[in-house]
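Okay, so here's the structure we're looking at.
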Amino acid sequence: MTPRNLKYPLPRSLFPRAMLIVIVPLIALQLVVAFVFFQRHFEGVTRQMTRNIARELAVAQQVIDTSPTAEIAQLRLTNLSQPLEIALSLRAEELRPGAHRRDLFDLSGRALVAEMADLLGGQLQIDLAADRRQVDVRLQTDKGVLRAVIPRSRMTVSNPHQLLVLMTATALVLAVIALLFMRNQMKPILQLANAADAFGKGRSVPYRPAGAEEVRRAGAAFLSMRQRIERAMEQRTQMLSGVSHDLRTPLTRMKLSLAMADAMPEAREMERDVEQMEQMLNSFLAFARGDQMDEVEDVHLPALLEEMAEQARRGGGCVETDIRLEPAELPTATLRRAALARALQNLLSNATRYGSRTRLSLRTTPRAVQFIVEDDGPGVPVDRREEVMRPFIRLDSARNQDRGGGVGLGLAIAQDVARAHGGALELSDSEALGGLKAVLRLPR
Ligand SMILES: Nc1ncnc2c1ncn2[C@@H]1O[C@H](COP(=O)(O)OP(=O)(O)OP(=O)(O)O)[C@@H](O)[C@H]1O
Ligand SMILES: [Mg+2]
């Protein structure tokens, strides 16, 4: 995790982010509403209902106080029980000292006890814990303890969770609707990302702009860009193959004439020049064909590596190989085999042309594949490494003397191949051999 990710612990992809943007305010709103509801409404109603009951108990208290004897008081209380619908009894005893009792999470109970104590005053004991459906009140009078048992439903709003359940259910429904809606909005963005990704790797997948206005605009811009690039690539191919083709005919004619003019002493040399020109034309054609690459297939990497090394050895090079796979049980990758072989061949032919020893290595990780070609030649100066990868660029001819002439397309083709796979070609110094180190890095 980078420090940036630590600072903003947001999910990485768009969909969960959008969901968070919807869900966090929703939960916050629910919390605020629930809090206000309990604090104000729920408690307030409980206090009001409690006040009514407390007044009735005050009446009972007064009846006891105004009765001449405890027996008469008891009789009057029994009569009062009926209309008040409260079980009232009087016992000739002293209130045992003790506190009110209620469950810890009995939120309305707190308001109830507070209100009752406020209105009745004196010595009072309220028990809410013994039976959750009843309120057991004991009140000290001068003729003993007045005990009243009142149904809890008369003092507290019944089923307060109903609102909470309703709120949660609505929130869930809203979240699901948002999820479905969002997923539809997300789809065109994903399609655009996939199309752009595929094009970056050299594949042109069918794509049609869809979705919201902005996404459509980005999609249309991508399409016109893709068309422009494809047209440019097509023009490059047509031009190069046209030129090469047109030049071939006169070249063939020259070859024929030279074969006839055997007697001329310069004929042999000219024939060699013509042959070299033909080879150059073939290179142009190969480069021009670069964009018409083969389809991807599962390539066994170590086998390809050995094959390329063997081919280079047959061409007279001294090539050693070094393979390190990670994970070892994954020796294949999905690549364009012929194009990759061409790129490696170009790198190897450079290495054997400009150096005397060559090492071809393969490194894989779960996400990438690296082919490394190193040699013990003169290398390429740091400030010219970008340049030599461009088409038709060759370093000073002095260093290429008697090494056979190329046209300067080898590295350009290798880089094309790397880019067509969404990878890159990097040049650096070889620590092991002292010459150039070319790394062909491809995602798998
Ligand atoms: N391994 C190397 N060591 C030293 N110089 C190199 C090496 N590879 C390439 N170069 C330099 O980079 C230039 C460009 O290389 P590139 O492969 O593109 O063309 P080329 O080898 O000259 O011709 P082609 O490959 O088309 O036959 C070469 O002319 C050479 O000067
Ligand atoms: Mg070359």
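Each value in this text was obtained by applying a stated rule to the coordinates, not by laboratory testing. As the structure is a prediction and not an experimental result, all values here were calculated from the model. Because the Cβ atoms are built from the backbone with ideal geometry, glycine has one as well, and the counts that use them run over all protein chains shown.
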Plugging the Kirkwood radius over Cα pairs into Stokes-Einstein for segment 71-172, at a temperature of 37 °C and a viscosity of 0.692 mPa s, what D comes out in µm²/s?
-> 214 µm²/s
Could you give the nm distance between label points at GLN185 and MET239, where each point is 7 Å from its Cα heading toward the beta carbon?
-> 4.5 nm
Global form of the chain, assessed from the alpha-carbon gyration tensor, a/c cut-off 1.5 = prolate
Evaluate E = 1/(1 + (r/R0)^6) for ASN52 and ALA99, where r is the Cβ-Cβ distance and R0 equals 22 Å; express this FRET efficiency to the nearest 0.05.
-> 0.35
Between ARG390 and ARG208, what FRET efficiency comes out of the Förster formula 1/(1 + (r/R0)^6) with R0 = 41 Å and r the beta carbon distance, rounded to 0.05?
-> 0.70
Cross-link reach from LYS437 to aspartates and glutamates, straight Cα distance under 17 Å and at least 8 residues apart if same chain, gives GLU320, ASP322, GLU374, ASP375, ASP376, ASP383, GLU386, GLU387, GLU426, ASP429
May I ask you to order 227-237, 114-124 by the average number of other C-beta atoms within 10 Å around their residues, highest value first?
-> 114-124, 227-237
Which value at 222 nm does the chain reach when only helices count, each DSSP H run of 4 or more adding -39,500 (n - 2.57), with the total divided by all residues and rounded to the nearest 500 deg cm²/dmol?
-> -18500 deg cm²/dmol
Is the shape of segment 284-369 best called rounded, prolate or oblate, per the rule: a/c under 1.5 gives rounded, else a/b larger than b/c gives prolate, else oblate, with a ≥ b ≥ c the square roots of the Cα gyration tensor eigenvalues?
-> oblate
In the neighborhood of VAL319, defined by Cβ-to-Cβ distances under 14 Å, what is the net charge if each Lys or Arg adds +1 and each Asp or Glu adds -1?
-> -3
Cα centre as origin, Lys/Arg/Asp/Glu Cβ charges: the chain dipole, Debye | 1240 debye
Based on the mean of other Cβ atoms within 10 Å per residue, sort peptides 213-225, 373-385, 412-424 so the most packed one is first.
-> 412-424, 373-385, 213-225
Between LEU10 and LEU172, 0.36 nm times their residue separation minus their Cα-Cα distance comes to what?
-> 56.1 nm
Extension gain from GLN134 to GLN82, taking 0.36 nm per residue of separation minus the Cα-Cα distance | 17.0 nm
Magnitude of the Cβ-charge dipole of segment 8-154, K/R +1 and D/E -1, about the Cα centre, nearest 20 debye?
-> 660 debye
Would you work out which of PRO250, VAL388, ALA418 lies farthest towards the positive end of the dipole of the chain, given +1 charges on the beta-carbon of Lys and Arg and -1 on that of Asp and Glu, about the Cα centre?
-> ALA418
At 0.36 nm per residue, minus the direct Cα-Cα distance, what do ARG313 and ILE229 gain on full extension? Give it in nm, one decimal, please.
-> 26.4 nm
Using only Cα atoms, locate the centre of segment 248-299 and the centre of segment 76-124, then give the distance between them in Å, rounded to an integer.
-> 112 Å
Using only alpha carbon pairs under 8 Å that are at least six residues apart, calculate the relative contact order of the chain and give it in whole percent.
-> 10 percent
Aspartates and glutamates near LYS187 by alpha-carbon distance under 19 Å, same-chain residues fewer than 8 away left out - which ones?
-> ASP197, GLU213, GLU214
Tell me, what ³J(HN,Hα) does each residue in segment 314-326 have, in order and in whole Hz, if you take phi through Karplus 6.51 cos²θ - 1.76 cosθ + 1.60 with θ = phi - 60° and put x for Gly and Pro?
-> 4, x, x, x, 10, 10, 10, 10, 8, 10, 9, 10, 8
What angle, in degrees between 0 and 90 and rounded to the nearest 10, separates the Cα long axis of helix 337-354 from the longest principal axis of the Cα atoms of the chain?
-> 60 degrees
Relative contact order for segment 293-443 using alpha-carbon pairs under 8 Å, separation at least 6, rounded to a whole percent?
-> 24 percent
